[in-house]
Amino acid sequence: KLVVAEYGVKTPKLLQVVRQQHEISHFREMAEDLAGFAIKPAKGSGGKGITVITGRDGDDYIKASGSRVDSAFLERHLTNILAGLYSLAGTPDVAIVENLVESAPSLAKYSHQGVPDIRIIVFQGYPVMAMLRLATTASDGKANLHQGAVGVGLDIGSGRGLNAVQFNRPITLHPDTGLALENIQIEAWGEMLEMASRCYEATGLGYMGVDLVVDANEGPLLLELNARPGLAIQMANGRGLLPRLREIESLKRPHFTPLERSRFAMEAFASS
């Protein structure tokens, strides 16, 4: 969050970072007046360990799925995060608590009990493939394909929906909302591609997955960066990544700006 801010990339507001067990007691005080927030393991993968709270009812917290948990449940969850239950290789971790995203209505209607997000694969600073991820009952309100979210391939040239998959199988309708997935169009698409491209300068990662959301009030926001993004995005697009990576590798180019790289990608990888 701190690094990408220097490159003009906005993120959801950081509410708290829990690094040590004794800091968990401060979490209850911090969360007392909050209606909604997200708890995430800093070193997590595959969406594991993410808990999204969307409301309060007395002493209970309401999850995105509608189920209720109490403060003791959330404190145990924070303890598990610190212990490394969700981290790669089980190493000790840090818990991040951030502001809840209010999804733009144009996308929120397609998702079920969760905020839809957009994964953009960036290679050497160039956006090369993208998909929209929609939460389902199976995914417990999380936009993660491994847990049963729907992946909708997006045309890099326009942000328009292409194919859709759930559990790597083609679908045409969202399993919960029943809405057709072929009519999806992402607003502010060029801005989102440029944001993803800026993350290359911010991190130096030659290959990464950039996860963005469209907030109803703030517009496009960066959720997280993934150094090891999964390959299911190819299923959602009905296309392979390798030809696009090779095309970028073959370029003989001066130092292009993020805007120039995103515009190149929109022309080079647009669906015919």
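Here are the numbers:
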{"read-out": "Highest average packing first - 255-267, 3-15, Cβ atoms within 10 Å", "value": "255-267, 3-15"}
{"read-out": "Positive-end residue, region 1-89 charge dipole about Cα centroid, Cβ charges, pick of SER45, HIS26, ILE81", "value": "SER45"}
{"read-out": "Three-way shape call for region 1-63 based on the alpha-carbon gyration tensor, with the a/c threshold at 1.5", "value": "prolate"}
{"read-out": "Once the Cα gyration tensor of region 122-272 is diagonalised, semi-axes √(5λ) in Å", "value": "26, 16, 15"}
{"read-out": "Heavy-atom surface of the chain, accessible at 1.4 Å and reported per residue (Å²)", "value": "46 Å²"}
{"read-out": "Backbone N within region 36-59 under 13 Å of label point (7 Å from GLU102 Cα along the Cβ vector)", "value": "36"}
{"read-out": "Zone of LEU14's modelled label, taken as backbone nitrogen in region 76-106 under 14 Å from a point 7 Å along Cα→Cβ", "value": "94-99"}
{"read-out": "Relative counts (whole %) of C-alpha pair distances in region 148-218, using bins that are 5 Å wide", "value": "3, 14, 20, 20, 20, 14, 6, 2, 0"}
{"read-out": "Pair GLU191, ASP57: separation of 7 Å Cα→Cβ label points (nm)", "value": "3.6 nm"}
{"read-out": "Extreme residue, positive dipole direction of the chain, given options ALA72, VAL115, MET192 (C-beta unit charges)", "value": "MET192"}
{"read-out": "For region 195-272, size of Cβ-based charge dipole, Lys and Arg +1, Asp and Glu -1, in debye", "value": "400 debye"}
{"read-out": "Solution diffusion estimate, µm²/s, Stokes-Einstein, the chain, Kirkwood Rh from C-alpha pairs, 4 °C, viscosity 1.567 mPa s", "value": "68 µm²/s"}
{"read-out": "Total charge dipole magnitude, region 12-104, about the Cα centre, Cβ charges on Lys, Arg, Asp, Glu only, Debye to nearest 20", "value": "420 debye"}
{"read-out": "Nearest-20 debye value, the chain charge dipole, Cβ charges on Lys, Arg, Asp, Glu", "value": "920 debye"}
{"read-out": "Peptides ranked, highest mean first, by Cβ atoms within 10 Å: ranges 16-27, 118-129, 154-165", "value": "118-129, 154-165, 16-27"}
{"read-out": "Full-extension gain in nm, GLU260 to PHE167, via 0.36 nm per residue minus C-alpha separation", "value": "30.0 nm"}
{"read-out": "Set of region 14-29 residues, backbone N closer than 17 Å to the point 7 Å along the Cα-Cβ line of PHE73", "value": "28"}
{"read-out": "With every protein chain in place, region 172-272: carbon and sulfur % of accessible area (1.4 Å)", "value": "51 percent"}
{"read-out": "Label-point separation, HIS146 to SER158 (7 Å along Cα→Cβ), nm", "value": "3.4 nm"}
{"read-out": "Surface share of carbon and sulfur [accessible, 1.4 angstrom probe, percent] for region 66-165", "value": "54 percent"}
{"read-out": "Virtual spin-label span in nm between THR137 and THR177, 7 Å along Cα→Cβ", "value": "1.7 nm"}
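The values are calculated or read from the model by the stated rules, or taken from the named source; none is laboratory data. Just so we're clear, the structure is a prediction, and the values are computed from it rather than from any experiment. Here the Cβ is made from the backbone with ideal geometry for all residues, glycine too, and neighbour counts use every protein chain on show. Note: areas computed on protein heavy atoms with side chains; ligands, DNA, RNA excluded. Shrake-Rupley method; radii C 1.70, N 1.55, O 1.52, S 1.80 Å.
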